[in-house]
Every structure is written in structure tokens, then in C-alpha cells.
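Colleague: Below you will find the structure I want to go over with you.
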Amino acid sequence: MDNRSTCEEKEMTKEYIKDIPNWEKDYLNTMRSNLSKQQIELLEGRYINADEGMVYGQMYADWKKRRGDE
């Protein structure tokens, strides 16, 4: 295993962990014109009903994908 790639992976992990608390704001700023009213409200902090969890999770997965984390 290349020690350099291990160090780079650790740095990427630190950066990713640091960005997680701000993912909603980042995603909202980037994607606002493509989001529904419901999605915007969820990202702005509205209570998430049980049947909306998948909508919220899909946005999080899309954010990760767009960052290149998946």
C-alpha cells in the first residue's frame, strides 16, 4: 500500500467530515433552481415527516455524488 495515497485518503476524509454539517446549505445553493418547493423547505430546516425521509436522503446521496465521494 502506498503511504502517500493513505495520507491523501485521510485528508479527504477529514475534509468530507468537515463539510457534512453544511451539506444542506451547499446543496441548496448549488441546486435551488432544480429543486421543488418541498425540497427547498426541507433543506431550509422544516420538520421532516416520516414519508419525506427518502426525499431528504436522495438529496444527501446526490450531494455526495456531485462531490465525487461515491
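Colleague: Would region 56-70 turn up any residue that is open to solvent by 40 Å² or more (accessible area, probe 1.4 Å), at pLDDT below 90 and assigned to a helix (DSSP H, G or I)?
Modeller: Yes, that holds for at least one residue.
Colleague: Filter region 1-46 down to residues that are at pLDDT below 85 and aliphatic (A, V, I, L, M) and give me whichever is surrounded by the fewest Cβ atoms within 10 Å (Cβ to Cβ).
Modeller: 1
Colleague: Right, here's the next one. Of all residues in region 46-63, which are of a type outside the set (Phe, Trp, Tyr) and in contact (Cβ under 8 Å) with a residue 12 or more places away in the chain?
Modeller: 52, 55, 59, 62
Colleague: Only one residue in 51, 19 is over 13 Å from the mean Cα position of the chain (by Cα) and assigned to a helix (DSSP H, G or I). Which one?
Modeller: Just one listed residue meets the conditions, 51.
The values are calculated or read from the model by the stated rules, or taken from the named source; none is laboratory data. Everything numeric in this text was worked out from a predicted model, so none of it was measured. When we count neighbours, we look across all protein chains shown, and the Cβ atoms used for this are built from the backbone with ideal geometry, even at glycine. SASA here: full protein model, heavy atoms, side chains in, ligands and nucleic acids out. Shrake-Rupley method; radii C 1.70, N 1.55, O 1.52, S 1.80 Å.
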